[in-house]
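J.: Before I ask anything, here is the structure I am working with.
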Amino acid sequence: MRGLSRRDFGKKLSAGALSGLAASAATPLARAQGEVNSAKSSPKRMTTALRDLLQGPGIIDSPSIYDPLSAKIAESVGFRYVELGGNARGIVTCQIGSAMSLDDLAKTTRDITQVISIPLLVDAGGGFGEPAHVFHTVRVLEHAGAAGVFIDDQLFPKRFHYYMDGRVETIPYQEMIEKIRYAVQARRDRDFVVGVRTDAISTHGFAEGVHRANLYLQAGADYATLLPRTAEETKQIPKEVPGPLNYVNGEPGLAKRPDFTARELGTMGWKMLSHPASAILIYYKTMKDAFARLKEAGSLEMDPAVYGPVYKEVYQTMDITTYYDIEYWTSRLGSRGAPGTFDPSFKAKE
């Protein structure tokens, strides 16, 4: 470096340092030695996946789930989307839907969408208020990961007697139309689904229910839920409402309404089928019977040949093998031992 001025010396030194940094930056990072068995990410946004189901051929059905595990179970057996029903979530939390806040619903939505790879459709009831509140509700639930919501034309807040006697009170259809318009405007993702439910058949009769469904679809709703009282009404509705329709099976414990299979409804012209109470009723009865047996007999008498595999299946459904695999390859405290040691014979724990 003799003969160089202080300024030239600085330039050469800086250039050399930069070259060294560039070379080091170009060095590829070591590839992870283990492959994890995590669920593959969907090539579509959940909103788009749900909209494609709604616009595609055939009828689609969904159980009404109430927490992350029930959602994972539904996904594992092949359901293409799940529905978070207000009634089921209210029962499992012992809060009743009428007493649940938007924050409660958003938290449950986040908890569920973090663990599933299929769309979640959320029951937002009356939208938590007037059109401005509905606008906010859609924003919050969309941000929480919901692929869509549906709102109803019942009076808000919903009366507690509804859960005992099934009697409902509906708002004027003009007010509901305003709610729908602002729900549609609120969505940031244009594929986010906004559905509606009208209870007008029970409060004003069949003709008014059909009239409202058509108005709601014209206002921008992506599908409409009606609650026919007879098989004849069920067959007639698709002839009078030219849009995607969702049927809600009565099921034990709900209003007396005909139950149909998805195939039967599909031939009538319905697009969607919801099962709002089955899962939560089975959960309640199974748990109560088991606890009663434990209290009386002192043992549940669980057959290891049956429940041993179930125990493992629960963790597989939770996708714990993904974390096991990562820990195997990286953790000094995990199953593998020293990190970074390649073992071609390694297989994921079953």
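J.: If you go through region 257-294, how many residues are of a type in the set (K, R) and without any contact (Cβ under 8 Å) to a residue 12 or more places away in the chain?
T.: 3
J.: Does region 95-129 hold any residues that are buried (at least 22 other Cβ atoms within 10 Å of the Cβ), touching a Phe, Trp or Tyr at 6+ places or on another chain (Cβ under 8 Å), more than 17 Å from A279 (Cβ to Cβ) and aliphatic (A, V, I, L, M), and which are they?
T.: Within region 95-129, A124 is the sole residue that qualifies.
J.: Identify all residues within region 50-60 that are among the aliphatic types (A, V, I, L, M) and not in a loop (DSSP other than H, G, I, E, B); write none if there are none.
T.: The answer is L50, L53, L54, I60.
J.: May I pose another question? Residue by residue through region 240-256, note down the ones that are surrounded by 20 or more Cβ atoms within 10 Å (Cβ to Cβ) and more than 22 Å from R80 (Cα to Cα).
T.: Result: V241, single match.
J.: Can you tell me which residues in region 174-220 are open to solvent by less than 10 Å² (accessible area, probe 1.4 Å), outside any helix (DSSP H, G or I) and either modelled with pLDDT under 95 or closer than 21 Å to A49 by Cβ (or both)?
T.: F192, V193, V194, G195, V196
J.: Can you pull out the residues in region 228-239 that are of a type in the set (A, V, I, L, M) and surrounded by fewer than 21 Cβ atoms within 10 Å (Cβ to Cβ)?
T.: A231
J.: Go through region 157-173 residue by residue and tally those that are buried (at least 19 other Cβ atoms within 10 Å of the Cβ) and under 24 Å from the mean Cα position of the chain (by Cα).
T.: Final tally of qualifying residues: 1.
J.: So which helices (runs of 4 or more DSSP H) are wholly in region 61-141 and hold at least 2 residues that are at pLDDT 95 or above and not hydroxyl-bearing (S, T, Y)?
T.: 68-76, 102-113
J.: In addition: Considering each residue of region 305-350, count those that are modelled with pLDDT of 60 or more, open to solvent by less than 60 Å² (accessible area, probe 1.4 Å) and among the charged types (D, E, K, R), and give that number.
T.: Residues meeting the conditions: 2.
J.: Failed condition for V134, given (1) within 10 Å of the chain's Cα centre (by Cα); (2) within 20 Å of D189 (Cα to Cα); (3) without any contact (Cβ under 8 Å) to a residue 60 or more places away in the chain, with all others met?
T.: So the condition that V134 fails would be (1).
J.: Now for a separate question. Mind telling me which of the residues K256, K271 ends up being farther than 28 Å from E130 by Cα and under 19 Å from the mean Cα position of the chain (by Cα)?
T.: Every option except K271 fails the conditions.
J.: Yes or no: region 296-304 includes at least one residue that is modelled with pLDDT under 90 and part of a helix (DSSP H, G or I).
T.: No, region 296-304 contains no residue that is modelled with pLDDT under 90 and part of a helix (DSSP H, G or I).
One line per residue, one yes/no per condition, for (1) within 17 Å of G148 (Cβ to Cβ); (2) more than 15 Å from the chain's Cα centre (by Cα); (3) open to solvent by less than 50 Å² (accessible area, probe 1.4 Å):
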{"site": "G56", "(1), (2), (3)": "yes, yes, yes"}
{"site": "S76", "(1), (2), (3)": "no, no, no"}
{"site": "F79", "(1), (2), (3)": "yes, no, no"}
{"site": "G86", "(1), (2), (3)": "yes, no, yes"}
{"site": "T93", "(1), (2), (3)": "no, yes, yes"}
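J.: Which members of region 287-327 meet the condition of being in contact with a helix residue (DSSP H, G or I) (Cβ under 9 Å, 6 or more places away or on another chain) and among the small types (G, A, S)?
T.: Within region 287-327, just S299 meets the criteria.
J.: How many residues are over 18 Å from A71 (Cα atoms), open to solvent by less than 80 Å² (accessible area, probe 1.4 Å) and assigned to a helix (DSSP H, G or I) when one looks only at region 265-286?
T.: Within region 265-286, residues that are over 18 Å from A71 (Cα atoms), open to solvent by less than 80 Å² (accessible area, probe 1.4 Å) and assigned to a helix (DSSP H, G or I) number 3.
J.: Kindly indicate whether P43 is under 30 Å from G266 (Cβ atoms) and modelled with pLDDT under 85.
T.: Here the answer is yes, as P43 does meet what is asked.
The values are calculated or read from the model by the stated rules, or taken from the named source; none is laboratory data. Computed from a predicted structure; not experimentally measured. All Cβ positions, glycine included, derive from the backbone under ideal geometry; neighbour counts span all protein chains shown. For the accessible areas, the whole protein counts, side chains as well, though only heavy atoms, and no ligand, DNA or RNA atoms are used. Shrake-Rupley method; radii C 1.70, N 1.55, O 1.52, S 1.80 Å.
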